[in-house]
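Reading through the structure tokens given below for one structure.
Just so you know, all these numbers are worked out from the coordinates, no wet-lab data involved. The shown structure was predicted, so the numbers you read here are calculated from the model rather than taken from an experiment. Note that we place each Cβ from the backbone using ideal geometry, even for glycine, and neighbour counts take in every protein chain shown.
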Amino acid sequence: MSGWDADVIVVGAGAAGLAAALQLATRSVRVIALESRDHIGGRVMWQSVGTVSVPAELGAEFIHGAAPETSALLREAGLAKVETGDASWTCTIAGGLQPTDDDFRSVSIFERVESLAGDESVEAFLRRFEHDPHLRVEAQRARTFVEGFEAADPAIASARSIADELRSGVDSTSSRPAGGYAPLFEHLATQCARAGVDLRLSTAVEHIGWAPGEVTIVARAANGAASTLRAKCAVITIPVGVLRQRGDATPFSFAPPLPAEKLAALAGLEMGHAVRVTLAFREPFWEELAAGRYRDAAFFRCEGSAFNAFWTQAPLRGRTVVAWAGGPRATAMRSTSAQDRIARACDEFGAMFGERDLARREYEGGVTHDWTADPFACGAYSYVVAGAGAARAALGVPIGDTLFFAGEATATDGQGGTVSGAFETGTRAAREVAGALETAGVSSKIAP
Ligand SMILES: Cc1cc2nc3c(=O)[nH]c(=O)nc-3n(C[C@H](O)[C@H](O)[C@H](O)COP(=O)(O)OP(=O)(O)OC[C@H]3O[C@@H](n4cnc5c(N)ncnc54)[C@H](O)[C@@H]3O)c2cc1C
């Protein structure tokens with residue numbers, strides 16, 4: 001391997017990067033993985049809260065739909081998943097909580113997208129139903145779903161892409177890895193180390209120079225030291241929000257620059273914004289209120305507050321609650337500090353039951369992470385902009401059999417924006433790399 005530092009350099013050690021690195025390394029491909037953070041996982045991140053033994057998720061928590069890639073990895077790691085509880089309550093604008101059997105994921109109004117000649121923004125699509133008293137209510141639910149669940153701005157999100165995603169079934173069921181995502185990602189990191197992946201944390205890629213069959217990557221370690229690495233190709237898993245940065249804010253460059261098709265694909269994707277706060281209480285006080293009415297509550301949806309929703313760990317018993325704001329509500333909180341977000345989440349959760357002071361007394365601790373301000377994420381997860389239905393596929397297309405692209409934004413089967421989608425794209429990119437290396441005469445044994 002004279003002159004080469006590795007066969008492949010994987011940029012980013014989140015779900016996509018770890019999946020790609022592991023797939024390649026277990027098949028004798030020499031892999032260096034460069035990760036700007038001081039830990040693996042990317043937008044899967046965890047932190048302890050209060051005195052709770054299971055760490056709180058700061059990023060991904062749920063497994064959406066069948067999620068074949070995540071399910072297979074969990075099985076391999078000997079880990080289980082737990083179905084999410086479905087007892088939901090809605091906090092009405094007039095005040096008070098009402099049980100609801102209306103699953104917020106079944107937004108059937110999007111089936112009507114089929115009758116459109118082309119694509120349009122979610123907002124333009126939903127306005128079509130403004131004059132119909134029945135459909136107007138459903139349209140408002142759909143808007144709330146797009147803002148809350150997709151973390152998207154309805155004014156620019158593609159109605160057709162949301163309809164396609166719903167049709168894929170990815171939103172139909174949800175579960176969680178038992179014990180959170182941490183054990184799964186720790187397992188993956190161990191497997192990568194065993195397979196020989198040279199993982200370099202706190203190493204941010206600044207420049208990717210390439211010619212067919214060769215990449216030269218300049219990276220900077222946390223202590224400021226720069227290093228230059230050469231490999232036959234690279235798998236790039238950097239989030240769209242980071243790749244899209246322009247001008248002085250650009251954290252790295254490509255030479256030659258990315259071609260027009262890649263820039264067009266990036267312009268067709270937007271990063272959704274979300275604020276997620278995990279609150280730990282001394283006791284699950286809500287379980288005792290109103291003669292135990294909320295004992296099994298899984299979700300509380302809120303129309304009139306800063307947070308769109310709160311959820312518990314149901315069906316598991318726990319004393320943590322997550323507060324969630326997505327889309328424009330998250331953007332509106334942009335300038336508030338972590339401390340203010342946590343305090344507001346605690347107050348709004350208590351206020352739902354008319355028990356703000358009790359919530360304050362029971363509060364033990366809270367954690368949150370500002371994904372929008374995070375320079376290695378620049379948002380929560382991607383969504384497709386109206387009229388740009390092919391953007392995810394186009395972003396995933398390799399360049400010159402040398403630059404390969406993976407990451408949630410390149411997932412095309414309705415799994416865009418998810419952990420499972422990211423795993424799937426890492427596996428797909430590893431297959432593409434293996435094909436390119438074989439053509440170039442480098443042995444690798446990845447099944448087609
Ligand atoms: C608040 C929140 C809630 C979510 N909830 C869910 C959920 O419940 N279920 C679900 O399935 N998904 C959820 N997601 C989405 C999910 O977390 C992501 O889709 C998935 O983790 C993305 O994986 P990835 O590998 O594509 O990207 P990432 O995890 O972002 O990995 C990319 C890596 O590249 C690194 N990087 C960036 N720039 C550089 C550089 N210059 N040099 C080197 N490395 C670099 C980053 O640090 C990062 O580690 C959520 C995300 C957020 C933020």
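Taking 15 Å as the cut-off, the amide N atoms of the range 1-44 that come nearer than this to a point 7 Å along the Cα-to-beta-carbon line of S202 belong to 35-40. When you restrict to C-alpha pairs under 8 Å that are six or more residues apart and normalise by the size of the chain, the relative contact order lands at 25 percent.
Please give the contour-minus-distance gain from S335 to A222: 0.36 nm per residue of separation, less the Cα-Cα distance, rounded to one decimal in nm. It would help to have the intermediate numbers written out before the result.
Values: separation 113, 0.36 × 113 = 40.68 nm, distance 2.73 nm.
Value of the extension gain: 38.0 nm.
In the chain, the alpha-carbon atoms span a convex hull of 145 Å³ per residue. Sorting the segments 397-404, 229-236 by their mean number of nearby beta carbons within 10 angstrom, highest to lowest, gives 229-236, 397-404. With Cα atoms as the point set, the range 105-166 shows a radius of gyration and Dmax of 10.3, 27 Å. The modelled label-to-label distance for the pair R128/L316, using points 7 Å beyond Cα in the direction of Cβ, is 4.2 nm.
Would you mind putting 143-149, 302-308, 21-27 in packing order, based on average other-beta-carbon counts within 10 Å, highest first? Provide the component values of the computation, followed by the final result.
On the way: 143-149: 22.6, 302-308: 19.4, 21-27: 24.6.
Per-residue mean Cβ counts within 10 Å order the peptides as 21-27, 143-149, 302-308.
If only the Cβ of Lys and Arg carry +1 and only the Cβ of Asp and Glu carry -1, the dipole of the chain around its Cα centre is close to 700 debye.
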